[in-house]
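The values are calculated or read from the model by the stated rules, or taken from the named source; none is laboratory data. Since this is a predicted model, take the numbers as computed values, not measurements. Cβ placement follows ideal geometry from the backbone for every residue including glycine, while neighbour counts extend to all protein chains displayed. Remember, those area values only see protein heavy atoms, side chains included, never the ligands or the DNA or RNA. Shrake-Rupley method; radii C 1.70, N 1.55, O 1.52, S 1.80 Å.
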Amino acid sequence: MRPEKTYLVREASEYLSRSNYFFLTDYKGIDSEETSELRKKLSERGAEFHVVKNSSLKIAAKEKELPDLSEFLVGHTAIIVGGDDVSGVAKAITTFNKDTKKVSVKAGALGDKILSPDEVKTLSNLPSIEILQSKLLSLLNTPATQLVSVLSATPRSMVTVLKAKADKSNN
C-alpha cells in the first residue's frame, strides 16, 4: 500500500476509535460556511465531522472488525464521531439536515450494530443524556421519599391524637 493510502486508512481507523458510535453522511453540496456551522454544533456535543475516502474507511472498518459498510460508502462521505451523547449528536445532524437539506445520514453504527437512516432519526428523538440522568435520579429518590412518608405517618398520627386529647381537656 502506498504511504499516502496507509496514512488515510490509519486516520480513518483513528476516527472509528474515538467513540462507540459513528454516523456516515453524504456531504455533497455543503459549502465551507455551512461546514463550519455544522462542526460548531457538533463540537458543542463533543463530536467531530471529518471527510473521508470511501476506500480508506472500508479498509479501516474491516481492520476494526466492524460490519461491512460497502453499501453506504458510495459518493461523498463524511464521518461523525465522538461525544458521550449519541442522541444529541444524532439530533444535531438531523436538525442540520432538516434546516439545510444537506448532510443527509447514510447510516450509523452503535457498537457493532449498523443503524439505518430511520433508526438514526429515531435515536435523535430520544431525550438528551442529562434528561435521562435526571429521570433516573428521580426514580432512585422516589422509594426513599415514600419510605420517609410511611415511617413518619405513625408518629404524625400519634401527635394528632395527643393534640386532640389536649384540646379536649382544655375545654
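Quick look at the values:
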{"item": "Any hit, region 83-95, residues being over 18 Å from E11 (Cα atoms), of a type outside the set (A, V, I, L, M) and loosely packed, with under 15 Cβ neighbours inside 10 Å", "result": "yes"}
{"item": "One residue from G111, G75 being exposed (fewer than 13 other Cβ atoms within 10 Å of the Cβ), farther than 22 Å from L38 by Cα, in contact (Cβ under 8 Å) with a residue 40 or more places away in the chain and small (G, A, S)", "result": "G111"}
{"item": "Scope region 108-137; condition under 13 Å from the mean Cα position of the chain (by Cα), at pLDDT below 85 and among the hydrophobic types (A, V, I, L, M, F, W, C); matching residues", "result": "L126, I129, I131, L132"}
{"item": "Condition check for V105: at pLDDT 90 or above, assigned to a strand (DSSP E or B) and either of a type in the set (F, W, Y) or surrounded by fewer than 17 Cβ atoms within 10 Å (Cβ to Cβ) (or both)", "result": "no"}
{"item": "Residue tally, condition over 25 Å from I30 (Cα atoms), open to solvent by 40 Å² or more (accessible area, probe 1.4 Å) and not charged (D, E, K, R), over region 49-72", "result": "3"}
{"item": "Selection status of I79, aliphatic (A, V, I, L, M) and more than 18 Å from A12 (Cβ to Cβ)", "result": "no"}
{"item": "So L139, is it in a helix (DSSP H, G or I) and either touching a helix residue (DSSP H, G or I) at 6+ places or on another chain (Cβ under 6 Å) or acidic (D, E) (or both)", "result": "no"}
{"item": "Residue count for region 44-58, restricted to those that are within 18 Å of the chain's Cα centre (by Cα), not acidic (D, E) and not in a strand (DSSP E or B)", "result": "3"}
{"item": "Of all residues in region 1-43 being without any contact (Cβ under 8 Å) to a residue 24 or more places away in the chain and in a loop (DSSP other than H, G, I, E, B), the one that is surrounded by the fewest Cβ atoms within 10 Å (Cβ to Cβ)", "result": "R2"}
{"item": "Filter result for T100 (surrounded by 11 or more Cβ atoms within 10 Å (Cβ to Cβ) and modelled with pLDDT of 90 or more)", "result": "no"}
{"item": "Count of residues meeting criterion [farther than 20 Å from H76 by Cα and open to solvent by less than 70 Å² (accessible area, probe 1.4 Å)] in region 114-137", "result": "6"}
{"item": "Residue list for region 43-67, restricted to those being hydrophobic (A, V, I, L, M, F, W, C) and out of contact with any helix residue (DSSP H, G or I) (no Cβ under 6 Å at 6 or more places or on another chain)", "result": "V51, A61, L66"}
